[in-house]
Amino acid sequence: MRILVFGKTGQVATELARQADVIALGRDQADLSDPSACAAAIRAHAPEAVINAAAYTGVDKAEEEEDLATTINGAAPAAMAAVCADLGIPFVHISTDYVFDGSGEAARGPDAPTAPLGAYGRSKLAGETGIVAAGGAFAILRTSWVVSAHGANFVKTMLRVGPARGHLRVVDDQIGGPTPAGDIAAACLTIAAHLAEHPEAAGIYHFAGAPDTSWAGFAEAIFEMAELAVAVEHIPTTEYPLPAPRPLNSRLDCSRTEAVFGIPRPEWRAGLAEILNDLSRQGGTS
């Protein structure tokens with residue numbers, strides 16, 4: 001299958017290129033701040049499926065740049081989806097738990113009401129709305145807490161600052177599923193292939209690592225598996241204020257994804273072990 005991927009250096013895009021022979025477009029080839037250029041790129045490359053692994057991911061910065069974030073996360077994916085629907089090819093788009101308000105303790109299903117807390121979540125929800133409106137064989141894959149041996153993410157941050165400080169204060173009242181980018185990439189490839197044969201499976205799906213944990217619990221697992229003596233102090237979110245609010249409950253019900261595509265929730269400890277091995281081979285966390 002000839003797959004066009006928007007994104008080249010991000011976590012999921014990097015893993016897609018590792019796992020499959022894809023056509024990956026970087027910002028210099030397809031700038032998501034220009035939705036019409038993204039649509040034109042799809043027509044020019046004539047792929048059999050499209051995966052959008054690119055996004056505006058600056059959660060805090062989006063509070064000051066909501067218009068730009070909404071163009072990149074909202075208008076661009078909508079334009080991609082419209083072209084894919086017109087061409088009759090699958091479109092897989094990665095979204096986020098930030099479309100929810102994070103209230104309660106129950107896992108949110110794909111049909112749960114959305115209510116983003118900040119600009120980033122609103123921009124991602126705008127993309128979802130545009131994709132659904134475009135129709136076609138689309139899959140919106142909401143995920144959470146993405147980690148890998150590439151780019152900037154929580155695992156690499158912990159490995160960088162933990163040993164230097166010996167003691168970290170990490171929030172323990174935000175609960176979710178850490179999700180290895182390699183597993184997200186594999187899921188996207190499986191979903192794209194399935195949609196090519198079964199376009200009626202179009203819809204919104206969830207995919208997050210298991211079991212659910214807190215950021216503090218995840219940090220402790222990172223240090224334990226990396227064999228680093230770093231003390232983790234559990235603190236509430238109120239003691240770690242940031243410009244953009246974070247959802248406290250990021251639990252995602254992923255049962256529909258397994259039922260339709262046969263993709264179970266990945267065990268994040270196994271993924272974390274692979275990430276640590278990758279970083280060890282790279283010789284660091286930078």
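Per the Cauchy relation, a quarter of the hull surface: what is the mean projected area of the convex hull of the alpha carbons in the stretch 41-90, in nm²?
Convex hull of Cα atoms, orientation-averaged projection: 3.5 nm².
For the stretch 74-228, calculate the relative contact order in percent as a whole number, restricting contacts to Cα pairs under 8 Å that are 6 or more residues apart.
Contact order relative to length: 29 percent.
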- Query: How many percent of Cα pairs in the stretch 1-149 exceed 21 Å?
  - Reply: 41 percent
- Starting from the exponent 0.38 and prefactor 2.2 Å, build the expected Rg for the chain from its residue count and divide its actual Cα Rg by it. 0.97
- Item | Gain on full stretching of the segment that runs from Thr9 to Asp67 - 0.36 nm per residue minus C-alpha separation | 18.5 nm
- Between beta-carbons, use under 13 Å as the cut-off and find the net charge around Val232, counting Lys and Arg +1, Asp and Glu -1. -2
- When the gyration tensor of the stretch 18-57 is built from Cα positions, what are the square roots of 5 times its three eigenvalues, in whole Å, from largest to smallest? 17, 14, 8
- Message: Checking the a/c ratio against 1.5 first, then a/b against b/c, what shape does the Cα gyration tensor give for the stretch 105-156?
- Response: prolate
- Message: Could you order the peptides 241-249, 96-104, 64-72 from most to least packed, using the average number of other C-beta atoms within 10 Å per residue?
- Response: 96-104, 64-72, 241-249
- Message: Largest first, please: the extent of the C-alpha atoms of the stretch 66-162 along each principal axis, to the nearest Å.
- Response: 50, 32, 25
- Counting as exposed only trypsin sites (Lys or Arg not before Pro) in DSSP loop states with no more than 14 other Cβ atoms inside 10 Å, the longest exposed-site-free span of the chain is 28-286
- Residues with beta-carbon under 15 Å from that of Ser255, excluding Ser255: net charge, scoring Lys, Arg +1 and Asp, Glu -1? +1
- So Ala193 and Ala231, fully extended at 0.36 nm per residue minus their Cα-Cα distance, gain in nm 9.2 nm
- Query: If you bin every alpha carbon distance in the stretch 119-203 into 5 Å steps from zero, what whole percent lands in each bin?
  - Reply: 3, 11, 15, 16, 19, 13, 9, 6, 4, 2, 1
- Given 0.36 nm per residue, what is the gain on full extension from Ala40 to Ala273 after removing their alpha carbon distance, in nm? 79.9 nm
- Spatial extent of the stretch 199-240: Rg and Dmax, with the Cα atoms as the point set, Å: 16.4, 51
- Message: Strictly greater than 26 Å: what percent of every Cα pair in the stretch 171-286 meets that?
- Response: 34 percent
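Compute the relative contact order of the stretch 26-119 as a whole-number percentage, counting only Cα pairs closer than 8 Å that sit 6 or more residues apart in sequence.
Over the stretch 26-119, the number comes to 33 percent.
Read-outs: derived from the displayed coordinates by stated rules, not from any lab. These numbers were taken from a predicted model, which means no experiment stands behind them. All Cβ positions, glycine included, derive from the backbone under ideal geometry; neighbour counts span all protein chains shown.
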